[in-house]
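Before any comments, here is the structure.
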Amino acid sequence: NNIVFFGGAGTSTESGIPDFRGKDGLYSRKYKGYDPEEILHIDFFLQNRKIFNEFLEEKMNFKNIKPNKGHLALVKLEQMGKLKAVITQNIDNLHQDAGSINVLELHGNISHFYCLACGKKEPKNFRCDCGGITRPPVTLYGENLDEEVTELAITAIKKADTLIVAGTSLTVYPAAYYIQYFKGRNLVIINADETKYDQYATLVIRDSFAQVMDYAVNKLK
């Protein structure tokens with residue numbers, strides 16, 4: 001009755017978004033001579049915004065991507081009053097598009113851009129009238145996570161009786177560290193590959209996030 005969901009890139013791959021560190025993931029090949037992880041660093045953004053923006057437009061444009069059955073299942077679970085929070089490492093806005101209300105985005109969101117000088121927002125990158133620099137509200141390498149969001153995420157995990165972890169190898173820190181705050185009864189891991197937390201889990205399912213969540217939630221009806 002107090003479930004928290006913690007998801008990573010694998011929850012969005014079934015919607016057509018490539019993961020980051022997989023064989024054919026976003027980080028598997030260079031872009032205009034640069035490693036993607038280098039492009040997504042705050043220093044690169046400040047020094048070479050042209051290539052940074054081109055990379056986002058070509059490789060991280062999620063405008064036509066739709067939520068999958070897993071996202072929709074989480075909405076149903078929230079509507080039942082059982083799911084208290086969705087904590088995500090993703091920046092694609094798919095949980096909100098599906099209809100989830102309490103979504104905590106550890107790494108921000110790429111669904112819009114804003115001006116650092118005046119705060120103006122637009123659905124896509126723009127040249128601000130005030131002359132300020134624009135960027136998406138995402139956490140880049142070299143930047144700290146939002147403290148308020150991380151505190152809310154940790155509090156939710158601490159209170160949960162069941163924690164469902166899906167689509168993440170739990171290797172990206174500091175986000176993966178938050179799992180250690182869970183003291184509830186049921187740790188469920190849904191992931192194609194092994195994670196270092198498998199040995200502590202109540203249940204490990206090596207299968208599709210979308211199919212598993214859809215099946216499980218529909219069984220509750």
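What accessible area per residue comes out for the stretch 124-221, rounded to a whole number of Å², with a 1.4 Å probe?
58 Å²
Counting only DSSP beta bridges with both residues in the stretch 53-161, the antiparallel share comes to about 60 percent. Pair-distance distribution of the stretch 87-153: all C-alpha pairs, bin width 10 Å, starting at 0; shares per bin in whole percent are 21, 44, 30, 5.
Once the convex hull of all Cα atoms in the stretch 1-83 is built, its volume per residue stands at 121 Å³.
Note that the stretch 1-98 presents 49 Å² accessible area per residue, ligands and nucleic acids not counted, probe 1.4 Å.
Could you tell me how many degrees, from 0 to 90 and to the nearest 10, lie between the Cα long axis of helix 69-79 and the main elongation axis, the longest principal axis, of the Cα atoms of the chain? Taking the Cα atoms of the chain, the angle to 69-79 is about 70 degrees. Per-residue ellipticity at 222 nm computed for the chain from its helices equals -7500 deg cm²/dmol, with DSSP H segments shorter than 4 residues left out and the rest contributing -39,500 (n - 2.57). Any lysines with Cα under 23 Å of the LYS69 Cα? List them, leaving off those in the same chain fewer than 8 positions away. Leaving aside lysines fewer than 8 places away in the same chain, those within reach of LYS69 are LYS82, LYS84, LYS219, LYS221. What's the angle, to the nearest 10 degrees (0 to 90), between helix 147-159's Cα axis and the longest principal axis of the chain? On a 0 to 90 degree scale, this one is about 10. State the antiparallel share, in %, of DSSP beta bridges confined to the chain, rounding to the nearest 5. Beta bridges within the chain, antiparallel portion: roughly 20 percent. At the listed q of 0.13, 0.19, 0.23 Å⁻¹, the Debye profile of the stretch 97-194, built from one uniform point per Cα, gives log10 I(q)/I(0) equal to -0.61, -1.03, -1.27. Heavy-atom accessible area for ASP193, with the other protein chains in place and a 1.4 Å probe, reaches approximately 100 Å². If you fit an axis through the alpha-carbon atoms of helix 49-59 and take the longest principal axis of the Cα set of the chain, what angle between them do you get, 0 to 90°, nearest 10? With rounding to tens, the tilt is 40 degrees. From most to least packed by mean Cβ count within 10 Å, the peptides 26-36, 66-76 give 66-76, 26-36.
The values are calculated or read from the model by the stated rules, or taken from the named source; none is laboratory data. Small disclaimer: the values here were computed from a predicted structure and weren't measured. Every residue, glycine among them, receives a Cβ derived from its backbone with ideal geometry; neighbour counts consider all protein chains shown. Side chains are part of the model used for accessible areas, which takes the heavy atoms of the whole protein and leaves out ligands, DNA and RNA. Shrake-Rupley method; radii C 1.70, N 1.55, O 1.52, S 1.80 Å.
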